[in-house]
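Asker: Encoded as structure tokens, here's the structure I'll be asking about.
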Amino acid sequence: MVGLRGYDAWATREPDYEGQEAVQPRCEACGGFLSVRAEQSEPWEQTEPCDGQGMVVHDFYTQTDRHILDIIGWEHLGEARTIEYDPVCGRTPAHLPHDYVVAGGTYEYRTCSRCGTVNKDTII
């Protein structure tokens, strides 16, 4: 059974995936290898304003709503409908205006030892 030990290790190991990125980052200017550990990092975030109010839409069922009318019945054609949306930040009920975070991450900076270019990498 000693001969199958190598086959078992080969068959049960995790396969190499196509498109797998290199672990070590490369310089944008010259292509040289950069340090895995960043020299400097700083957090970033993107915010959007929220007025704190939801939106209410008053509308009528028309021929363009045929996919809905097929489900609820064509007798609702021309009937008024009201749709209420939550505020853009997702908090309910209505609240004071504020800014909410839509994205965030970290900027990492590495200096290339070959050409001296400072490379900025965005980590989300």
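Asker: Ile83 label point, 7 Å along Cα→Cβ, cut-off 15 Å on backbone N: hits in region 24-56?
Answerer: So the set is 55-56.
Asker: How do Cys89, Cys115 line up, fewest other C-beta atoms within 10 Å first?
Answerer: With the fewest neighbours first, Cys89, Cys115 line up as Cys115, Cys89.
Asker: Sticking with this structure for a sec: Can you sort Leu34, Leu69, Leu77 so the residue with the fewest Cβ neighbours within 10 Å comes first?
Answerer: With the sparsest Cβ surroundings first, the list reads Leu77, Leu69, Leu34.
Asker: Which net charge results when you count Lys and Arg as +1 and Asp and Glu as -1 among the other residues whose beta-carbon is under 14 Å from that of Thr122? The partial results should precede the final answer.
Answerer: Working: positive: Arg110, Lys120; negative: Glu28, Glu42, Glu45, Glu108, Asp121.
Result for the local shell: -3.
Asker: Could you point to the residue in Leu69, Gln46, Ala80 farthest towards the positive end of region 17-88's charge dipole, with +1 and -1 charges on the Cβ of Lys/Arg and Asp/Glu respectively?
Answerer: Selected residue: Gln46.
Asker: Just to check I understand the Karplus step: with θ = phi - 60° and J = 6.51 cos²θ - 1.76 cosθ + 1.60, what whole-Hz values come out for region 30-44, glycine and proline as x?
Answerer: Whole-Hz 3J(HN,Hα) from phi for region 30-44: 10, x, x, 6, 9, 5, 5, 7, 6, 6, 8, 9, 9, x, 9.
Asker: Rounded to the nearest 0.05, what FRET efficiency is calculated for His58 and Asp99 with R0 set to 25 Å and r the Cβ-Cβ distance?
Answerer: 0.30
Read the figures in this text as sums done on the coordinates, not as results from a lab. Computed from a predicted structure; not experimentally measured. Note: ideal-geometry Cβ built from the backbone for every residue, glycine included; neighbour counts use all protein chains shown.
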